[in-house]
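Undergrad: To start, I am sharing the structure in question, which I have written as structure tokens.
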Amino acid sequence: MPDRRRAADLPAVPGVLSADQLRQTVAAIAAEQAPDGALPWFRGGQLDAWDSVEAAMALDVGGEHDRARAAYEWLARHQRPDGSWAAEYRDGVAVAPAVESNHAGYLAVGAWHSWLCTGDAALVDRLWPTVRRALDLVTRMQLTSGAISWALRPDGTPDDTALLTGNASLSQALRAGVALAGLVGEAQPDWEVAAADLGRALRERPGAFADRSRYSMDWYYPVLAGAVTGAAATDRLAAGWDTFVVPGLGVRCVADRPWVTGAETCELALALAAAGRPDDATEQLAAMQHLRAEDGSYWTGLVYADDARWPVERTTWTAAAVVLAADAIAGTGPAATLFADPAALDRPAVDEPAAPGIHPAVPEPR
């Protein structure tokens, strides 16, 4: 089946980013990919499954489908028997072996996003066993509250702690998994039940999650992932706006630090797009362009009190968040609705299918 997107058809956000600028950013992500398909934060740096998927989605938006496919197949080769990935790899070696639920779940979102971009049914078929093992693990980690444990203990039992941002992402992942199950003709009723229970927990049981309200991701991610919608989404975004948004610069990662980060700003833009506020989303995407480097890559963040970029790194996941936000705002790409209209994930059409990301917390500035 031919690709749905031609190489020239990148999104553009007038007055903020042109298609050529987005193409340059996609090229900057591609430049960090290893020959075996591994897609780390930057060449020689760490790799985790969640951020690798996010970067692969940006490659697909940019028409780099072979590279995106290679990144997904790298993950498939490195999946462990229990359905998990290590929390961190370097040069293909697991250096942080912990089993974390959000790393396990996100491939489902990437696989569905890739299908929307390319219609590559053969890739879906190859990834399906990997997705199935991963989401079966996620459902085994669900707690009685409906929330999903953030990690397994050394004895293999789920930790009692659930993280709100990770659970919002897992809500999206489970729903993407259900959509993929429909595509391959293998119903997964356990995932449907788990997604419904998790959705109720995200909307109705705030006590089910650890208090990490100082992090902006816990503020906007339930909206970004489509777990909180309508008036509740509007109210939620309004409640945290003055705490986290720094006019003209972007979004604080942490409420009590003078530090704005590009990925969080773009993820807020995705949440605003999901909430039907494309103009506000565009404003946030524009606000973080001070982090853009000459080659189209993006610095992670800025400690604005010191006018200092920090950490001193340019990450694939920050650049990917820019690409995904631009795609959602422009609304022209075949996968734009995954984030711009999260409800579309719950009504996929097999013949014509309708993506913050979370990245691991980087150290706070001192």
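We did not get these values from a lab; they are worked out from the coordinates using the rules stated. This structure is a prediction, so every number in the text was calculated from the model and none was measured. So basically every Cβ, Gly included, is an ideal-geometry build from the backbone, and we count neighbours across all protein chains shown.
Undergrad: Please name all residue pairs, on different chains or six or more residues apart, with Cβ atoms under 6 Å, provided the first residue is in segment 24-44 and is farther than 14 Å from Arg314 by Cβ and the second residue is surrounded by fewer than 23 Cβ atoms within 10 Å (Cβ to Cβ) and among the small types (Gly, Ala, Ser).
TA: Every condition considered, the pairs that remain are Gly37/Ala70.
Undergrad: Hey, another quick one. Would you check if Gly37 is surrounded by fewer than 20 Cβ atoms within 10 Å (Cβ to Cβ) and not in a helix (DSSP H, G or I)?
TA: The answer is no for Gly37.
Undergrad: Next up: Just one of the numbered conditions (1) in contact with a Ser or Thr (Cβ under 8 Å, 6 or more places away or on another chain); (2) surrounded by fewer than 24 Cβ atoms within 10 Å (Cβ to Cβ); (3) among the aromatic types (Phe, Trp, Tyr) is not true of Tyr298; which one?
TA: Among (1) in contact with a Ser or Thr (Cβ under 8 Å, 6 or more places away or on another chain); (2) surrounded by fewer than 24 Cβ atoms within 10 Å (Cβ to Cβ); (3) among the aromatic types (Phe, Trp, Tyr), the lone unmet condition for Tyr298 is (2).
Undergrad: When you go through Thr316, Thr282 one by one, which is the residue that is out of contact with any Lys or Arg (no Cβ under 7 Å at 6 or more places or on another chain), surrounded by 24 or more Cβ atoms within 10 Å (Cβ to Cβ) and β-branched (Val, Ile, Thr)? Break it down into steps so the answer makes sense when it comes.
TA: Details: Thr282 fails: surrounded by 24 or more Cβ atoms within 10 Å (Cβ to Cβ).
Just a single option satisfies the conditions, and that option is Thr316.
Undergrad: Sort out which residues of segment 245-254 are of a type outside the set (Val, Ile, Thr) and surrounded by 14 or more Cβ atoms within 10 Å (Cβ to Cβ), and write them in order of number.
TA: If the condition is that a residue be of a type outside the set (Val, Ile, Thr) and surrounded by 14 or more Cβ atoms within 10 Å (Cβ to Cβ), then Leu249, Gly250, Arg252, Cys253 are the ones that fit.
Undergrad: A further question follows. When only residues in segment 162-213 that are basic (Lys, Arg) and surrounded by fewer than 21 Cβ atoms within 10 Å (Cβ to Cβ) count, which is farthest from the chain's Cα centre (by Cα)?
TA: It comes out as Arg205.
Undergrad: Related question: Residues in segment 236-244: is at least one part of a loop (DSSP other than H, G, I, E, B) and either touching a His at 6+ places or on another chain (Cβ under 6 Å) or surrounded by fewer than 17 Cβ atoms within 10 Å (Cβ to Cβ) (or both)?
TA: Scanning segment 236-244 turns up no residue that is part of a loop (DSSP other than H, G, I, E, B) and either touching a His at 6+ places or on another chain (Cβ under 6 Å) or surrounded by fewer than 17 Cβ atoms within 10 Å (Cβ to Cβ) (or both).
Undergrad: Answer with yes or no whether Val61 is surrounded by fewer than 24 Cβ atoms within 10 Å (Cβ to Cβ) and among the β-branched types (Val, Ile, Thr). It would help to see each step written out before you state the result.
TA: Numbers: surrounded by fewer than 24 Cβ atoms within 10 Å (Cβ to Cβ): no; among the β-branched types (Val, Ile, Thr): yes.
Criteria not met by Val61.
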